[in-house]
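Colleague: Below is a structure I'd like to ask you about.
The values are calculated or read from the model by the stated rules, or taken from the named source; none is laboratory data. In this text the structure is predicted, and so the values were computed from the model without any measurement. Heads up, the Cβs are rebuilt from the backbone with ideal geometry, glycines too, and the neighbour counts pull from every protein chain shown. SASA here: full protein model, heavy atoms, side chains in, ligands and nucleic acids out. Shrake-Rupley method; radii C 1.70, N 1.55, O 1.52, S 1.80 Å.
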Amino acid sequence: MRKSQFILVNLLKEKLQEFPGIVSSLEKKDHHFIDKIMLWLKASEDILSTYNISEVSEMAGFRSKILAAKMTEGRGNNIKKNQTKAAADALYNIQNTILTVLSPFERKMNDCREIVKQLLVLTAQTHTQMYDQSIPFEDFIRSVWLYILSENDLKMGAIKLKSILSEMDILMLMGDEIELSDFT
């Protein structure tokens, strides 16, 4: 089973949204800056590792540079300064690595999002799929998807989506994009 690209895009976007806070903690000379960047790097590594993305090694490399700065000769205060400098020097490259990984997935997801929007508009116009609040939302989304798969005029869009995304991703995208008011 393919891993969810929808979830991957959301996880990487969340990591990038956290990044300005880390930069701000450097700016404010927060004593926990090193801890924050190390936790962020480790969490990013875990995401990349889960999805077998090779840039996981780059994240580990950034972490190793920060750790290596801790092991340089010197007294306590200098060690912390060296480590902070190593982390600060790597900040742009760290976020750029995640952004570089995210961009093609996000582009692909946005292209699929447009196809989903079109399919949903066309489906809503048929008035064959009506939303009933007594039915779980997920069941309604699945019935709309099954309708799209079975309808000759919509099937080509569905096939294109299936060639790019897993069915779970398609259903999550549909859940994201559907305007229930169009189906009532």
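Colleague: Under a straight-distance cross-link criterion of Cα-Cα below 22 Å, which lysines are reachable from LYS80, leaving out those fewer than 8 residues away in the same chain?
Modeller: Leaving aside lysines fewer than 8 places away in the same chain, those within reach of LYS80 are LYS28, LYS29, LYS36, LYS42, LYS65, LYS70.
Colleague: Suppose accessible area is computed on protein heavy atoms with a 1.4 Å probe; arrange ASP89, ASP46 from highest to lowest. Before the final figure, lay out each step's value.
Modeller: Working: ASP89 100, ASP46 75 Å².
Per-residue accessible area, sorted high to low, gives ASP89, ASP46.
Colleague: How large is the charge dipole for the range 29-184, taken about the Cα centre, if only the Cβ atoms of Lys, Arg (+1) and Asp, Glu (-1) carry charge, to the nearest 20 debye?
Modeller: Numbers: 18 positive and 22 negative charges, 245 e Å.
The dipole of the range 29-184 has a size of about 1180 debye.
Colleague: From the residues ILE178, ILE47, GLN129, which one has its Cα farthest along the dipole of the chain in the positive direction, the dipole being from +1 and -1 charges on Cβ of Lys/Arg and Asp/Glu about the Cα centre?
Modeller: After comparing all options, I get ILE47.
Colleague: What do you get for the angle between helix 167-177 and the principal long axis of the chain? Use alpha-carbon atoms, 0 to 90 degrees, nearest ten.
Modeller: 90 degrees
Colleague: Relative contact order for the range 29-157: what is it in percent, counting Cα pairs under 8 Å that are at least 6 residues apart? List each step's numbers first, then the result.
Modeller: Values: 66 pairs, mean separation 20.9, N = 129.
Relative contact order of the range 29-157: 16 percent.
Colleague: Given charges of +1 on the Cβ of Lys and Arg and -1 on the Cβ of Asp and Glu, with all other atoms neutral, how large is the dipole of the range 94-184 about its Cα centre, in debye to the nearest 20? If you can, show how the numbers build up before the last one.
Modeller: Values: 8 positive and 14 negative charges, 76 e Å.
It comes to approximately 360 debye.
Colleague: Can I ask one more? Kindly provide the trypsin sites (Lys or Arg not before Pro) of the range 49-118 that DSSP labels as loop, not H, G, I, E or B, and whose Cβ sees at most 11 other Cβ atoms within 10 Å. It would help to have the intermediate numbers written out before the result.
Modeller: Working: sites: ARG63, LYS65, LYS70, ARG75, LYS80, LYS81, LYS85, ARG107, LYS108, ARG113, LYS117; in loops: ARG75.
Taking the range 49-118 and a limit of 11 other Cβ atoms within 10 Å, the loop trypsin sites (Lys or Arg not before Pro) found are ARG75.
Colleague: Positive end of the dipole of the range 33-173, charges at C-beta (+1 Lys, Arg; -1 Asp, Glu), about the Cα centre: which of GLN83, LEU149, ILE98 has its Cα farthest in that direction?
Modeller: Positive-most Cα among the choices belongs to GLN83.
Colleague: Sticking with this structure for a sec: Which value, in Å² and to the nearest 10, is the accessible area of GLU106 when all protein chains are kept and the probe is 1.4 Å?
Modeller: 50 Å²
Colleague: Could you derive backbone 3J(HN,Hα) for the range 122-132 from the dihedral phi with the Karplus parameters 6.51, -1.76 and 1.60 (θ = phi - 60°), listing whole Hz in sequence and x where the residue is Gly or Pro?
Modeller: 5, 5, 4, 5, 6, 6, 8, 10, 10, 7, 10
Colleague: For the chain, what does the helix formula give at 222 nm: sum of -39500 (n - 2.57) over DSSP H segments with n ≥ 4, over the residue count, nearest 500 deg cm²/dmol?
Modeller: Details: 7 runs with 145 residues, N = 184.
Counting only the DSSP helices, I get -27500 deg cm²/dmol.
Colleague: While we're on this one: Let me know the charge dipole size of the range 93-133 about its Cα centre in debye, to the nearest 20, where only the beta-carbon of Lys, Arg (+1) and Asp, Glu (-1) is charged. Don't jump to the answer; show the numbers that get you there.
Modeller: Details: 4 positive and 4 negative charges, 24 e Å.
In total the dipole reaches around 120 debye.
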